[in-house]
Amino acid sequence: MKKFLSLSFSFFLIISAYSQTTPPAISDTIKDGFLDVEIGGTNITGHYQDYKKTGNWISYFPTGQIYIIEEFKNGLKNGLHLKMNQRGYIELQASYTNDSLDGKYTEFRLGGKPALIEHYSMGQLDGKKEVYYERGKLQEESNYRLGQKDGVAKWYDENGKLVAEYTYSNGEFDGLQKTYYPNDTLRSRQNFVNNVANGEYVEYFENGITKKSGQYKAGKKDGEWLYFNESGKVVKKEKYKNGELK
């Protein structure tokens, strides 16, 4: 593709290695003007103002189709960021403030179905996160606060059945943790405090009858643990102290 450059003075370019996700870096030796250059088969266009990228910068596939659209202000990414594939579908859509992800971030599968949705606040995950299976079903939904998982997170199988439900505080297990069978009955429940098992642990058969139960203290089994058959009859008892079987 033909190279065209209109600038207010002579210049030279220093180009970094080509990147799959963003256009190659171009040195700050250009004061003001428009750049149209081909690098590695990708055509890149955009404006400089006072040696800094400004406004919309657009990269094109060799076919002429749009590859990446970015907005800049004072040399930093500010605003919309779009990445397309060669079939014209959006692969990634994000928002930036001063070069940091800020707002909704979405990755798409072929055909426009979301694969990942996240929310950012100045470069940190902050808000709801959703991960999807290839066929479009929800795989994970969780919440983040200042870059750490916080609150209830849920995981699903490919049929949409709830598999696990965990509670987090500042990125660590804190509170009740649950797992489920495919028939929606509870498989297990356990309590954590500051990422350490503490309190009651109960595991169930698929019919809802308790399978085993006991207590954790500071991450170790403690006290009496009971084991049941599917009729609910105790079949074994164990005693623990500080994680050791007595």
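How many residues are among the basic types (K, R) and either assigned to a loop (DSSP other than H, G, I, E, B) or in contact with a helix residue (DSSP H, G or I) (Cβ under 6 Å, 6 or more places away or on another chain) (or both) if we restrict to the range 74-115?
Here is the first cut: in the range 74-115, the ones among the basic types (K, R) are 77, 83, 87, 104, 109, 113.
Those left that are additionally either assigned to a loop (DSSP other than H, G, I, E, B) or in contact with a helix residue (DSSP H, G or I) (Cβ under 6 Å, 6 or more places away or on another chain) (or both): 87, 109, 113.
Matching residues across the range 74-115 total 3.
Considered as a group, the residues in the range 107-123 that are within 13 Å of the chain's Cα centre (by Cα) and either among the acidic types (D, E) or surrounded by 16 or more Cβ atoms within 10 Å (Cβ to Cβ) (or both) include one that is farthest from N170 (Cα to Cα), and that residue is F108. Taking the range 157-167 as the range and being touching a Lys or Arg at 6+ places or on another chain (Cβ under 7 Å) and either among the acidic types (D, E) or in contact (Cβ under 8 Å) with a residue 40 or more places away in the chain (or both) as the test, the residues that pass are E158, E165.
Within the range 19-60, restricting attention to residues that are under 27 Å from the mean Cα position of the chain (by Cα), surrounded by fewer than 17 Cβ atoms within 10 Å (Cβ to Cβ) and part of a loop (DSSP other than H, G, I, E, B), the residue that is modelled with the highest pLDDT is A25.
Per-residue answers, yes or no, for (1) more than 21 Å from T106 (Cα to Cα); (2) touching a Lys or Arg at 6+ places or on another chain (Cβ under 7 Å); (3) modelled with pLDDT under 95; (4) β-branched (V, I, T):
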site	(1), (2), (3), (4)
E141	no, yes, no, no
R145	no, no, no, no
V152	yes, no, no, yes
W155	no, no, no, no
S169	yes, no, no, no
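For the range 194-227, taking the residues that are of a type outside the set (A, V, I, L, M) and not in a strand (DSSP E or B), the one that is surrounded by the most Cβ atoms within 10 Å (Cβ to Cβ) is identified as F205.
Pairing residues of the range 218-236 that are on the phi > 0 side of the Ramachandran plot with residues that are surrounded by 12 or more Cβ atoms within 10 Å (Cβ to Cβ) and part of a loop (DSSP other than H, G, I, E, B), at Cβ distances under 7 Å and at least 6 apart in sequence or on separate chains, gives G232/I209.
Residues that are of a type in the set (A, V, I, L, M, F, W, C) and part of a strand (DSSP E or B) were ranked within the range 61-73; the one that is surrounded by the fewest Cβ atoms within 10 Å (Cβ to Cβ) is I66.
Assess whether K239 counts as being assigned to a strand (DSSP E or B), in contact (Cβ under 8 Å) with a residue 12 or more places away in the chain and surrounded by fewer than 16 Cβ atoms within 10 Å (Cβ to Cβ). Even if it seems obvious, please write down each step before you answer.
Working: assigned to a strand (DSSP E or B): yes; in contact (Cβ under 8 Å) with a residue 12 or more places away in the chain: yes; surrounded by fewer than 16 Cβ atoms within 10 Å (Cβ to Cβ): yes.
Yes: the conditions hold for K239.
Only residues that are out of contact with any strand residue (DSSP E or B) (no Cβ under 8 Å at 6 or more places or on another chain) and within 15 Å of Y201 (Cα to Cα) were counted in the range 223-246, giving 0.
The values are calculated or read from the model by the stated rules, or taken from the named source; none is laboratory data. Keep in mind the model is a prediction, meaning the values are calculated, not measured. Glycine gets a Cβ as well: all are built from the backbone with ideal geometry, and neighbour counts include every protein chain shown.
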